[in-house]
Amino acid sequence: MHTLTRPRRRVTAALALAATAALALTACSPTASETSPGSASVDHGEISVQYSWIKNEEFAGEYYAYDNGYYDEAGFSAVQGIAGPDTGVAKLLSGSVQFALSDAASVGAAVAEQDAPLKIVATTFQKNPFTVLSLTDKGNIATPQDLIGKKIGVQDSNASVFKALLAANDIDEDQVTVVPVDFDPTPLMNGEVDGFMAYLTNEAITVEMEGYEVTNLAYADNGLPYVAEAITVTQQYLDENPDLVKAFLIAEIKGWTDTFTQPTDDTVTKVTEHYNASAAAGDLTFGELDPAKVKAGLEAQAALISTPETEANGLFTISDELKAQSISSLAAAGWELEVDDLFDTTILDEIYTENPELKNYQP
């Protein structure tokens, strides 16, 4: 069995090599054991967290925070993880969830268009994994200009993100035919669409493992290098609950650190258990998990999480440069914002100042 290591600490430049490492990312709604009373002296009560996607390997840090007691230690009596797909924006604004794992485009659009009082306080992925996936021997969409005249399958929840890609590359919406699709990439493989809105860490791997040669038009490399799986709250909640937000982020840091150190096979088992529990609860799922697909997804995600920034300053950090890049991405898509309109990482900065050992957390 393999574990993840980070260069100079625990993340290596070879995270993408299956022979040396695999990262486990997953999450699930809490079971009775996951919601036992916290052991911390402070009682933060119960909170809800909206996940951006189904409870698969994307949320391993949350799984470890549940199973290794980090939410309990932080003082939460329960942390309710809610399956996506969902940007979390509407639920944050309604108060039905306290945290959302979202992306800068979805949050930024709400801030710019609705004056929504939202803030990104940390991020899991330093680079967003959005892509327009195509088959190399058919659509072969390798550049933004290749989108013109093509039929692109886009899910409802990703519509604003796809529009951002078009705007960032000066492509009119009427130059592309958008075909409403679900998250199953079968329409792409069947030739019903030329391209398919996907994640590099998920559907792109699924199609490739089906034996197709694929071409990816990665958003991060084509005008939209913004953060994703970003921990987002309302400004009011942040102002009124700074200690709670700090406790939650510390639990998340510990959980995500564990994804780099635990045996891969153990983590895949954990992913499967939580995924199956989510399926039993009636959440959206896509059949049984393939362990090989899970491992491939983990490897792909590792490079989005482990970067020189997080290596130097800790998981979840967002550099001033990355904030500026995210804001520039939104501006290219037509959403004019200042850094302070979208980001507030003050509490995360405080965490690492007060607890520098968290950069090298030992479970």
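The values are calculated or read from the model by the stated rules, or taken from the named source; none is laboratory data. These numbers come from a predicted model, not from an experiment. FYI the Cβ positions are ideal-geometry reconstructions off the backbone, even for glycines, and counts take in every protein chain you see. For accessibility, only protein heavy atoms count, side chains too; no ligands or nucleic acids. Shrake-Rupley method; radii C 1.70, N 1.55, O 1.52, S 1.80 Å.
Name the residue that is least open to solvent (accessible area, probe 1.4 Å), counting only residues in the stretch 98-121 that are among the charged types (D, E, K, R) and in contact (Cβ under 8 Å) with a residue 40 or more places away in the chain. I'd like the intermediate steps shown before the answer.
Of the residues in the stretch 98-121, the ones among the charged types (D, E, K, R) are 103, 113, 115, 119.
After this cut, where a residue has to be in contact (Cβ under 8 Å) with a residue 40 or more places away in the chain as well, the list is 103, 113, 119.
Working: Asp103: 14, Glu113: 126, Lys119: 29 Å².
Filtering first and then ranking leaves Asp103.
For (1) surrounded by fewer than 24 Cβ atoms within 10 Å (Cβ to Cβ); (2) of a type in the set (Ser, Thr, Tyr); (3) over 16 Å from the mean Cα position of the chain (by Cα); (4) farther than 25 Å from Lys55 by Cα, each residue gets a yes or a no:
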residue	(1), (2), (3), (4)
Gly88	no, no, no, no
Leu93	yes, no, yes, no
Ser96	yes, yes, yes, no
Thr123	no, yes, no, no
Asp137	yes, no, yes, yes
Thr143	yes, yes, yes, yes
Asp146	yes, no, yes, yes
Val178	yes, no, yes, yes
Asp184	yes, no, yes, no
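Rundown of residues vs (1) outside any helix (DSSP H, G or I); (2) open to solvent by less than 40 Å² (accessible area, probe 1.4 Å), yes/no style:
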{"site": "Gly287", "(1), (2)": "yes, no"}
{"site": "Ala296", "(1), (2)": "no, yes"}
{"site": "Ala302", "(1), (2)": "no, yes"}
{"site": "Thr317", "(1), (2)": "yes, yes"}
{"site": "Leu322", "(1), (2)": "no, yes"}
{"site": "Leu330", "(1), (2)": "no, yes"}
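Taking Glu252, is it of a type in the set (Asp, Glu), over 23 Å from Ile47 (Cβ atoms) and not in a loop (DSSP other than H, G, I, E, B)? It is false that Glu252 is of a type in the set (Asp, Glu), over 23 Å from Ile47 (Cβ atoms) and not in a loop (DSSP other than H, G, I, E, B). Looking at this structure, is Ser306 within 20 Å of the chain's Cα centre (by Cα), at pLDDT 95 or above, closer than 28 Å to Ile54 by Cα and among the small types (Gly, Ala, Ser)? The answer is no for Ser306.
Every listed requirement among (1) part of a helix (DSSP H, G or I); (2) closer than 22 Å to Ala104 by Cα; (3) in contact with a strand residue (DSSP E or B) (Cβ under 7 Å, 6 or more places away or on another chain) is met by Glu208 save one, (2).
Figure legend. Inter-residue proximity from the stretch 262-289: first residues farther than 23 Å from Phe183 by Cα and without any contact (Cβ under 8 Å) to a residue 24 or more places away in the chain, second residues assigned to a loop (DSSP other than H, G, I, E, B) and acidic (Asp, Glu), beta-carbon distance below 9 Å, spacing 6+ or different chains. No pairs are indicated.
Any residue in the stretch 312-319 that is in contact with a Lys or Arg (Cβ under 9 Å, 6 or more places away or on another chain), of a type in the set (Ser, Thr, Tyr) and modelled with pLDDT of 90 or more? Scanning the stretch 312-319 turns up no residue that is in contact with a Lys or Arg (Cβ under 9 Å, 6 or more places away or on another chain), of a type in the set (Ser, Thr, Tyr) and modelled with pLDDT of 90 or more.
Only residues that are within 30 Å of Pro144 (Cβ to Cβ) and open to solvent by 20 Å² or more (accessible area, probe 1.4 Å) were counted in the stretch 221-241, giving 4. A Cβ distance below 7 Å, combined with a sequence gap of six or more or placement on separate chains, defines the contacts here; from the stretch 344-355, residues that are farther than 15 Å from Ala251 by Cα reach residues that are assigned to a helix (DSSP H, G or I) and open to solvent by less than 70 Å² (accessible area, probe 1.4 Å) in the pairs Asp344/Leu238.
Taken over the stretch 148-174, the criterion of being open to solvent by 40 Å² or more (accessible area, probe 1.4 Å) and touching a residue at least 60 places away in the same chain (Cβ under 8 Å) is satisfied by Ser157, Lys163. Scan the stretch 278-285 and tell me whether some residue there is β-branched (Val, Ile, Thr), open to solvent by less than 50 Å² (accessible area, probe 1.4 Å), in contact with a Leu (Cβ under 6 Å, 6 or more places away or on another chain) and modelled with pLDDT under 95. No, every residue in the stretch 278-285 fails to be β-branched (Val, Ile, Thr), open to solvent by less than 50 Å² (accessible area, probe 1.4 Å), in contact with a Leu (Cβ under 6 Å, 6 or more places away or on another chain) and modelled with pLDDT under 95. Flag set for Lys323, criterion: under 16 Å from Gln126 (Cβ atoms) and among the basic types (Lys, Arg).
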